[in-house]
Amino acid sequence: MTIQVFGHKSPDTDSTGSPILWAWYLNEVKGEKAEAVLLGEPNTEAAFMLQRWDLPKPRIIADVETDAPVVIVDTNNPAELPANINNADIRAIIDHHKLVGGLETKGPIDITVRPLACTATIMFDLMGDDAARMPDAVKGAALTCILSDTLEFRSPTTTAHDREVAEKLAADLGLDISAYAADMFAAKSDVSSFSDAELIRMDSKEYEVDGTKFRVSVLETTAPSVVLDRKDSLAQSMVKVAEEDGVDQVLLFVVDILNEEATLLVPNDLVKSVAEKSFGASVDGDTVVLPGIMSRKKQIIPNLKV
């Protein structure tokens, strides 16, 4: 049977590109039949990556069949995976997030979870000397993943090794990192065609803090005003999204990549309280700027208080 390789729901660049990397490795190096698949539509930056490197968009699946062989990448959280995931035959997990728990396997498996900024960096290491065999399109996907997850090395999740691997890939491809990253971030910032609800769910994860369920949404952009000009309608849509998704509150952070800060929408007293308790912010109005806040994983989630 073909091994399906996939990341989390609402696929960003890493959850789109890393399945492509690992499926290539399984097919071409390990001699195992594998297919990269997605659990939703890729975001605008991921779509840019596919077009820029002439990679076919992976097939989108709604669920996995019982006993289907799978490799999970860029997550280990059952809430971000297909409903039937614990009945699948999970062969491996490759990730860079904290362990959540709840996944069940049919036997011993290979698990690699490393404190690096990007799953693609981990895969580059796991491939060893075989990484050099990647065709340019796959190397391009790997580079895009790393630059996306590190925000071109601005994110506090960035390690020296992420940078080293990115620079090696860029050199192999003859690319200027700054120029290429600018094109990536321009694509990510073009959100004009998305509805408010689509924007809220585009890069979003659910977390519970002391019994309060949050959908924590992050929009990384070089043009924050494009999103913030829609703050009133976004605030209204946040209520509906929360109801539909079974959470108590949506937290929407608009991350300004170039100025290295986040703006949190503050539609009510609960979010005001969260901003003040979590980030020591002084809130006066329907938004608050949080200087230096760039990473949901390292700066937002660990600090959330209600």
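General observations
- Residue pairs whose Cβ atoms lie under 7 Å apart, sitting 6 or more positions apart in sequence or on different chains, and linking a residue in the stretch 151-170 that is within 18 Å of residue 292 (Cβ to Cβ) to a partner that is crowded, with 20+ Cβ neighbours inside 10 Å and of a type in the set (Ser, Thr, Tyr), are 155/295; 156/295; 157/150; 157/295; 158/150.
- The stretch 59-112, residues that are closer than 16 Å to residue 36 by Cβ, touching a Lys or Arg at 6+ places or on another chain (Cβ under 6 Å) and not hydrophobic (A, V, I, L, M, F, W, C): 69
- Conditions (1) touching a Gly at 6+ places or on another chain (Cβ under 7 Å); (2) surrounded by fewer than 20 Cβ atoms within 10 Å (Cβ to Cβ); number of the one not met by residue 102: (1)
- Matching residues, the stretch 126-172, being in contact with a Gly (Cβ under 9 Å, 6 or more places away or on another chain) and surrounded by fewer than 17 Cβ atoms within 10 Å (Cβ to Cβ): 156
- Within the stretch 275-304, considering residues that are in contact (Cβ under 8 Å) with a residue 60 or more places away in the chain and touching a strand residue (DSSP E or B) at 6+ places or on another chain (Cβ under 7 Å), the one nearest to residue 203 (Cα to Cα): 296
- Here 239, 254 are screened, and the one residue that is loosely packed, with under 15 Cβ neighbours inside 10 Å and either touching a helix residue (DSSP H, G or I) at 6+ places or on another chain (Cβ under 9 Å) or farther than 15 Å from residue 288 by Cα (or both) is 239.
- Flag for residue 49 being closer than 30 Å to residue 192 by Cα and touching a helix residue (DSSP H, G or I) at 6+ places or on another chain (Cβ under 8 Å): yes
- Test: residue in the stretch 281-301 that is among the acidic types (Asp, Glu), in a helix (DSSP H, G or I) and either more than 22 Å from residue 158 (Cβ to Cβ) or at pLDDT 95 or above (or both): no
- Every residue from the stretch 257-306 that is of a type in the set (S, T, N, Q) and surrounded by 17 or more Cβ atoms within 10 Å (Cβ to Cβ): 263, 278, 287, 295, 299
- Filtered by the rule that a residue be within 14 Å of residue 296 (Cα to Cα) and polar (S, T, N, Q), the stretch 196-215 gives a lone residue, 204.
- As a summary of the residue check, residue 224 satisfies the conditions (1) surrounded by fewer than 20 Cβ atoms within 10 Å (Cβ to Cβ); (2) farther than 25 Å from residue 95 by Cβ except for the one numbered (1).
- Qualifying residue in the stretch 164-184 (condition: out of contact with any Phe, Trp or Tyr (no Cβ under 9 Å at 6 or more places or on another chain) and within 23 Å of residue 40 (Cβ to Cβ)): no
The values are calculated or read from the model by the stated rules, or taken from the named source; none is laboratory data. Treat the numbers as computed from the prediction; the structure is a model and nothing was measured. FYI the Cβ positions are ideal-geometry reconstructions off the backbone, even for glycines, and counts take in every protein chain you see.
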